[in-house]
Amino acid sequence: MHGKNIQVLLKELESNSQFGLTTQESENRLSLYGKNALKEEKSKSFLNLFLDQFKSILIMILIAAALLSAYIGEFTEGIVIMIIVILNALVGAAQEKSAGNAVKALKSMVSPLARVIRDQTLKEIPSELLVPGDIIELESGNLVPADIRLIQSINLKIDESALTGESTPVEKNAESEIESNAPLSERSNSAYLGTTVTYGRATGVVVKTGMHTEIGHIASMLEGEDEATPLQNKLNVLGSKLGIFCLAVCVIIFMLGYFRGMPLLEIFMVSVSLAVAAVPEGLPAIVTVILALGMKKMVSRHVLVKNLSSVETLGSTTVICSDKTGTLTQNKMTVTKIFDGQNEYSVSGSGYNRDGAIEGDFNKENLEQMMLAAILCNDASLTEDGGILGDPTEAALLVMAEKAGYNTKKTTEKYPRLQEYPFDSERKMMSTMHKIDGQPMVFSKGSPDSILKVCDRIKIKDNILPIEPYSEIINQIYMKWASSALRVLCYAGRQASPNADVNHEESHMILLGMSAMIDPERPEAKKSIKTCHDAGIRVIMITGDHGVTASAIGKNIGLLSGEEKAISGSQIDQMDEAEFISVLKDADVFSRVSPQHKVRIVEALKKTGNIVAMTGDGVNDAPSLKKADIGIAMGITGTDVSKEASDMILTDDNFASIVGAVEEGRVIYSNIRKFVSFLISCNIGEILLIFVSMLMGWGSPLRPIQLLWVNLITDSLPAFALGMEPEEDDVMKAAPRNPTDPIIDKKMGISIVFQAVGLSVAALISYRIGYAIHPDFANTFAFITLISGELLRSFSGRSETKSVFKTGFWGNKYLNLAVIGSYLLTLAILTLPFM
């Protein structure tokens, strides 16, 4: 594709660079080429998951014992043991399948979008629906969604490290002529799937999709099994230690039974059955299911979590560093004020409603150059149905121009862009070049601090005058707007020489005017911040706005009080590490912050022992998102790069959703502790019951079948139901947990021992009472008492801090169903003759 003339290539692909493909043609090609996606490793079938459950050495020994029982004539016992083993395997396979399906569904929701021309209209579609011949647009922050031949490029740079290993972004030029045998790293007229646009923009035609792309050829190298989460690793270690302990006790029980003269097969079956029932081999599997279901639940709270370990980390978060725009504010930009160098005007209307107007006695000619800058130095567009496409701030400028009487679409078509110098976080401005009335003109827009630095003149009506006499009034207007929490933009322009490079024209410019826009705070932001403070979580607001604007918003949402001021990026630059860490202890609002400052803030917070969540939406935010313990990308305004670098994505860009995710993370971890405590206390109780009884010479209180039945009833349904426990009302009033703390702390350990002893003593007493009435009743009495005790124990496990009388018996419908179902099944085996 790189060695052919672009027009020849378009003809071969039967595509048009202006009109793109029709919907019908794209559907035909999709059925021919398939979806634009790399093949994923096949997930295990239910049958394979079911068979995997039998890989445990204990289960294999138990099956052998069951077959041996049947061989010597104990058919009933052997058959029932096999049925229980199969039921256990079915439950385990169903749980793993559920977890896998939940995670797979969530991964599909993170699919990036592509801007494509279909039916002569620019649209956003899922990138997996792209087909060869599609005409797409790329801009800074996009992931390249397929292998593409460039048609037009402007200052384009692409990070190809994912494909070629080249560490620095590569400059691209659509007009480059490349030899057909050129290596991948030298194909400057093409872009490839999986790479990242770091600068500029481009238009291109899709040439290859899915497994036919360059990265598709090496897709097999990208496959791999998911790593276990830290929590799962902790539970694996815990399970191993408990398993060794349980097996040791089972060996002792076997030896006790042997020396006391119990039948060898019977004591062997009891020991193996006890080992199967007592070893908590299912803990990591249940945790996976609970984490996956928690991820699924977070979707309803507008949060997509990309991996299981992030769910754990959320519950430990101590600091949330949040961007302002769209997260703490509504991101519904509306220009409310305009300044033309002499006069200030108000703009009516809200949101992207174009029916408003500029109020006051203004002269359209006076504002013409400013409006041209707002329209032409702009990458957004207004759709015919009243919507917007692109950055909300830039869209608000187009709406402003429409209210001033300009047709933005016709203006853009009349004065096409000749060159551009895109916005970046260092310059904080953007410039474009157009031919106006036969003369090349450069227009710039950006922050007042940046634009005013490059302006030495000002336009007053039709006159171009030195800017110095007007500096004071300009600054007064700027400060007045900023202190009212308005975002201020400046516009500048100048005539350029015919062969000028727009990059070098950002000097000696003419100030054309200023505008101020409001982005109202989200109504729930203040409440969410208070919730964080109550939960021991600190909130830090980070914004690129002026310090006055940042401070005003910080006070409105409860982050600043009294005379506190925002810390600026320039102040950060003047501090050494020790001084910055000291200042960071009390600073909750940062202004004029660059992506480099974000990284420094994260690093300093982590050095002081914090678990940091950081939001971001731009290309340059990727380092700080990666550096944070939890990187949070914006789902609406976020670039593909920020989403790729993040651990979770906000589908509504709302700060309240971050708080909701933290709450959900705490609930999930709390529930995991609850069912871990429940399972282990029950397992140890069963071991103590058999061990003490054998030690006393009373024989085994439970038959092997009964032990396995208890395992099936109490190790699956009630434990899983505890993992679905609703949040307690004080879950966001406790301090964040330390991620290094063990699953079983001292308090839980004491509780486990107390519960286990209680269960075993109750079952032993019941066993002896039953034996006193009639020896045939003894096992049944112990069996009923142990099951009843463990099911009632599940209710006390609903809270670590409150008694069952405070939590009640009816708050967890899953637990109620599990207990009722378990009792009914137990009742059936006690009363039905064939059971």
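The values are calculated or read from the model by the stated rules, or taken from the named source; none is laboratory data. Small disclaimer: the values here were computed from a predicted structure and weren't measured. With ideal geometry, Cβ positions are generated from the backbone for all residues, glycine too; neighbour counts draw on all protein chains shown. Just so you know, the surface numbers come from the protein's heavy atoms only, side chains and all, with ligands and any DNA or RNA stripped out. Shrake-Rupley method; radii C 1.70, N 1.55, O 1.52, S 1.80 Å.
Summary of computed values
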| quantity | calculated |
| --- | --- |
| Placed amide H near Ser568: partners under 5 Å, 5+ positions off or other chain | Ser591 |
| In Å², nearest 10: area of Lys296 left accessible to a 1.4 Å probe | 110 Å² |
| Surrounding net charge for Thr615, when Lys and Arg each add one and Asp and Glu each subtract one, Cβ distance under 10 Å | -2 |
| C-alpha long axis of helix 704-714 to longest principal axis of the chain, angle in ° | 30 degrees |
| Coil-residue GluC sites (Glu not before Pro) of region 658-694, DSSP, other Cβ within 10 Å capped at 16 | none |
| Note, ³J(HN,Hα) from phi for region 668-673, Karplus 6.51, -1.76, 1.60, rounded to Hz, x at Gly and Pro | 4, 5, 4, 5, 4, 4 |
| Accessible carbon and sulfur surface of the chain relative to its total accessible area, %, 1.4 Å | 56 percent |
| Efficiency of FRET between Ile773 and Leu832 - r from beta-carbon atoms, R0 22 angstrom, step 0.05 | 0.45 |
| Contour minus Cα-Cα distance for Ser240 and Lys44 (0.36 nm per residue) | 68.0 nm |
| Where labels lie 7 Å past Cα in the beta-carbon direction, separation of Lys364 and Glu14 in nm | 4.7 nm |
| 9 Å beta-carbon shell around Ile743, net charge (K/R +1, D/E -1) | 0 |
| Segment Glu579-Thr412, extension gain: residue separation times 0.36 nm, minus the distance between their alpha carbons | 55.2 nm |
| The chain - accessible surface per residue (Å², probe 1.4 Å) | 45 Å² |
| Residue-level accessible surface for Leu122, protein heavy atoms, 1.4 Å, Å² | 50 Å² |
| Fraction of beta bridges assigned by DSSP in the chain that are antiparallel (%, nearest 5) | 75 percent |
| Long-range amide H partners of Asn189 with built H, under 5 Å | Asn173 |
| Asp745 paired with Ile464, simple spin-label distance in nm, labels 7 Å along Cα-to-beta-carbon | 7.0 nm |
| Reachable lysines, given that their alpha-carbon falls under 21 Å from the alpha-carbon of Lys172 and they are not under 8 places away in the same chain | Lys4, Lys157, Lys208 |
| Calculated from backbone phi, Karplus (6.51, -1.76, 1.60) coupling profile of region 336-343 in Hz, x at Gly/Pro | 10, 9, 9, 10, 9, x, 10, 10 |
| Sparse-neighbourhood loop sites, trypsin sites (Lys or Arg not before Pro) in region 744-835 - DSSP loop, at most 15 other Cβ within 10 angstrom | Lys802 |
| Computed E for Asn816/Lys555 - FRET, C-beta separation, R0 60 angstrom, nearest 0.05 | 0.80 |
| Amide H within-cut-off set for Ile611, under 5 Å, with H built and near neighbours excluded | Thr318, Val319 |
| Distance between region 307-350 and region 555-584 - C-alpha centres, whole angstrom | 19 Å |
| GluC sites (Glu not before Pro) within region 356-460, DSSP loop, no more than 16 other Cβ atoms inside 10 Å | Glu384, Glu426 |
| From phi via Karplus (6.51, -1.76, 1.60), per-residue ³J(HN,Hα) for region 493-506 in Hz, x at Gly/Pro | x, 6, 6, 10, 6, x, 9, 5, 9, 4, 4, 9, 9, 8 |
| Spatially proximal lysines relative to Lys607 (Cα-Cα < 26 Å; intrachain offsets below 8 disregarded) | Lys234, Lys306, Lys324, Lys530, Lys565, Lys585, Lys598, Lys626, Lys627, Lys643, Lys733 |
| Distance from region 109-138 to region 434-482 (C-alpha centre basis), Å | 38 Å |
| Region 706-835: equivalent-ellipsoid semi-axes (sqrt of 5 x gyration tensor eigenvalues, Cα, Å) | 32, 18, 12 |
| Inverse mean reciprocal Cα-Cα distance (Kirkwood Rh) of region 450-597, Å | 17.8 Å |
| Contour minus Cα-Cα distance for Thr121 and Lys565 (0.36 nm per residue) | 155.2 nm |
| Cα-based equivalent ellipsoid, the chain: semi-axes from gyration tensor eigenvalues, Å | 65, 32, 21 |
| Lys297-Ser507 FRET efficiency (beta carbon distance; Förster radius 45 Å; 0.05 resolution) | 0.25 |
| Order by protection proxy (mean Cβ within 10 Å, highest first), peptides 183-194, 542-553 | 542-553, 183-194 |
